[in-house]
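Have a look at the structure below before the remarks.
The values are calculated or read from the model by the stated rules, or taken from the named source; none is laboratory data. None of these values were measured; they are calculated from a predicted model. As a convention, Cβ positions derive from the backbone with ideal geometry for all residues, glycine included, and neighbour counts pool all protein chains shown.
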Amino acid sequence: MNADVGTSTIGGAVGAPPSKSYTHRAILAAGYADGRTRIERPLVSADTRATARAVESFGGSVEGLTDDSDGVVVRGFGRPHTPEDVIDCANSGTTMRLVTATAALADGLTVLTGDESLRSRPHGPLLSAIRSLEGRAESTRANGQAPLVVGGPVAGGRVSMPGDVSSQFVTALLMAGARSADGIDIVLETELKSAPYVEITREVLGDFGVATDATTAGFAVAGGQTYDAGGEYRVPGDFSSMSYLLAAGALAADEGLEVRGAYPSAQGDSAIVDILERMGADILWSRDDGVISVARSPLSGAEIDVGDTPDLLPTLAVLGAVADGETRLVNAEHVRYKETDRVSAMADELETMGVSITERADSLTIHGDESSLRGARVDGRGDHRIVMALAVAGLVAEGTTTVTGAEHVAVSFPDFFDVLADLGAAVTR
């Protein structure tokens with residue numbers, strides 16, 4: 001599906017979409033529980049459905065994860081059973097990485113696969129960690145990529161792994177380690193990238209009664225713990241998804257835009273508020289009320305380290321295209337290992353729209369003074385975040401911007417284009 005986005009003025013109020021990161025973790029945490037957990041206001045998307053299917057494959061059940069759902073009931077598997085069939089994680093890297101560690105707790109072997117994009121993503125450090133715990137963990141193509149074959153049961157122990165490939169490896173081991181016999185002590189060999197996502201994990205685990213520790217070398221979790229959220233868990237708003245709305249407001253909301261349900265949490269992507277403020281946006285966050293107000297503002301370029309906020313890079317690249325001066329997005333090499341190489345994708349597609357941009361191995365520099373956004377046909381690369389960022393660019397480009405693969409917003413923000421239209425954007429699909 002293609003989406004056509006015309007030059008637009010937007011405004012009004014919108015609720016914050018539920019968090020994908022918290023929904024994934026809450027569904028799996030409820031799977032590790034022994035009883036019933038109701039998850040309030042989950043994100044219903046292609047990715048979170050993949051995690052729900054995995055929980056069911058390991059012996060749990062998930063009821064109510066439908067498009068109009070305001071809550072889902074998970075009956076946990078406790079300790080995972082060996083699945084009767086292959087687990088298809090579709091396009092969800094979070095699902096595959098988190099449940100790869102789950103599979104290492106099962107007695108038999110689990111086979112995990114996904115779509116073409118997911119089968120190109122790296123899992124080697126997690127597989128090595130499981131092998132060091134005396135589990136079986138193999139890539140069928142011996143390249144660290146899916147399909148994967150994983151089995152156990154691992155009892156726990158000490159593992160050493162790099163921290164600069166994916167924080168999801170740490171999350172996976174912490175979540176599974178609590179259900180192992182001996183727990184898992186994770187030693188990081190390199191600096192942890194996307195560190196706030198591990199803090200999200202630790203926050204969710206704490207809400208489910210699981211204790212974790214940050215150590216001088218990495219992280220640790222004791223074994224033999226029980227997952228119990230007291231029967232209910234509520235998913236907070238998603239700042240990754242909110243970033244597109246806030247950027248749209250700063251670029252195209254003459255009379256202002258309100259995003260409601262934006263309460264503080266461990267999410268690193270809440271940095272979008274401070275970044276917009278640094279760039280000169282007219283933005284105000286009432287944290288107690290959970291309301292962010294933003295209006296169209298002249299923006300200035302800035303240097304922004306995306307080491308902890310990789311999902312913001314597409315949004316920030318669009319802001320840089322409109323801002324005066326240069327915007328440098330640095331510490332970005334790990335952003336190349338997402339659903340697509342987002343550094344290269346944004347460089348190529350924004351150049352198609354008339355943006356002057358310089359791509360390096362670990363950075364992206366957008367020359368705002370040398371750029372003038374114009375409508376064009378751009379490729380969403382099958383990546384939800386690329387699609388949404390380019391649609392935001394289309395709001396302030398001259399003419400019409402056609403974004404291909406618009407259906408991929410279903411991964412994290414299924415009603416994204418409906419929300420834009422309700423706010424006044426000229427959108428057709």
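Residues of the stretch 38-53 being over 14 Å from Ser92 (Cβ atoms) and buried (at least 24 other Cβ atoms within 10 Å of the Cβ), which ones?
Result: Ile39, Pro42.
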* **Search result, residues across the stretch 379-390 that are assigned to a helix (DSSP H, G or I) and either closer than 15 Å to Asp348 by Cα or among the charged types (D, E, K, R) (or both)** => Arg385, Ile386, Val387, Ala389, Leu390
* Assess whether Thr327 counts as being farther than 16 Å from Gly394 by Cβ, in contact (Cβ under 8 Å) with a residue 24 or more places away in the chain, in a loop (DSSP other than H, G, I, E, B) and not small (Gly, Ala, Ser). => no
* Read through the list (1) assigned to a helix (DSSP H, G or I); (2) within 17 Å of the chain's Cα centre (by Cα), then give the number of the only condition that Asp164 fails. => (1)
* Run down Thr327, Thr365 and say which single residue is crowded, with 21+ Cβ neighbours inside 10 Å and among the hydroxyl-bearing types (Ser, Thr, Tyr). => Thr327
* Just one of (1) within 24 Å of Ser117 (Cα to Cα); (2) hydroxyl-bearing (Ser, Thr, Tyr); (3) part of a strand (DSSP E or B) trips up Thr37, so point out which. => (1)
* Structure fact -> Note: among Leu28, Leu43, just one is at pLDDT 95 or above and under 21 Å from Asp269 (Cβ atoms), namely Leu28
* Structure fact -> Scanning the stretch 208-228 residue by residue, those under 15 Å from Leu28 (Cβ atoms), touching a residue at least 60 places away in the same chain (Cβ under 8 Å) and not hydroxyl-bearing (Ser, Thr, Tyr) turn out to be Phe208, Val210, Asp228
* Please work out which residue is surrounded by the most Cβ atoms within 10 Å (Cβ to Cβ), limiting yourself to the stretch 169-206 and to residues that are free of Cβ contacts under 8 Å to residues at least 40 places away in the same chain and part of a helix (DSSP H, G or I). => Val198
* If you check Val44 against the conditions, is it closer than 22 Å to Ala178 by Cβ, aliphatic (A, V, I, L, M) and either assigned to a loop (DSSP other than H, G, I, E, B) or without any contact (Cβ under 8 Å) to a residue 60 or more places away in the chain (or both)? -> no
* To do: State which residue is surrounded by the most Cβ atoms within 10 Å (Cβ to Cβ) when the search covers only the stretch 1-37 and only residues that are within 18 Å of Phe416 (Cα to Cα) and of a type in the set (A, V, I, L, M).
  => Val5
* Asked: Only one of these conditions is not met by Arg158: (1) under 22 Å from the mean Cα position of the chain (by Cα); (2) surrounded by fewer than 24 Cβ atoms within 10 Å (Cβ to Cβ). Which number is it?
  -> (1)
* **In the stretch 226-242, residue surrounded by the fewest Cβ atoms within 10 Å (Cβ to Cβ) [restricted to those that are within 17 Å of Pro414 (Cα to Cα) and hydrophobic (A, V, I, L, M, F, W, C)]** => Val235
* Could you say which residue among Ala266, Ala220, Ala302 is on the phi < 0 side of the Ramachandran plot, surrounded by fewer than 24 Cβ atoms within 10 Å (Cβ to Cβ) and in the same structural domain as Asp182 (by TED's automatic domain parsing)? -> Ala220
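So that you can scan it fast, the table gives a plain yes or no per residue for (1) under 21 Å from the mean Cα position of the chain (by Cα); (2) assigned to a loop (DSSP other than H, G, I, E, B):
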{"residue": "Ile272", "(1), (2)": "yes, no"}
{"residue": "Trp285", "(1), (2)": "no, no"}
{"residue": "Asp288", "(1), (2)": "no, yes"}
{"residue": "Val294", "(1), (2)": "no, no"}
{"residue": "Ser297", "(1), (2)": "no, yes"}
{"residue": "Asp308", "(1), (2)": "yes, yes"}
* Selection status of Val62, more than 25 Å from Gly15 (Cα to Cα) and either outside any strand (DSSP E or B) or touching a residue at least 60 places away in the same chain (Cβ under 8 Å) (or both) -> no
* Asked: So Glu116 clears everything in (1) within 18 Å of Ala146 (Cα to Cα); (2) among the charged types (D, E, K, R); (3) touching a residue at least 12 places away in the same chain (Cβ under 8 Å) except one condition, right? Which one?
  -> (3)
* Structure fact -> Of Leu245, Leu276, Leu257, the only residue that is farther than 28 Å from Lys193 by Cα and buried (at least 24 other Cβ atoms within 10 Å of the Cβ) is Leu257
* To do: Report yes if some residue within the stretch 71-89 is crowded, with 24+ Cβ neighbours inside 10 Å, of a type in the set (A, V, I, L, M) and more than 23 Å from the chain's Cα centre (by Cα); otherwise report no.
  => no
* Any chance Leu127 is in contact with a helix residue (DSSP H, G or I) (Cβ under 8 Å, 6 or more places away or on another chain), in a helix (DSSP H, G or I) and free of Cβ contacts under 8 Å to residues at least 60 places away in the same chain -> yes
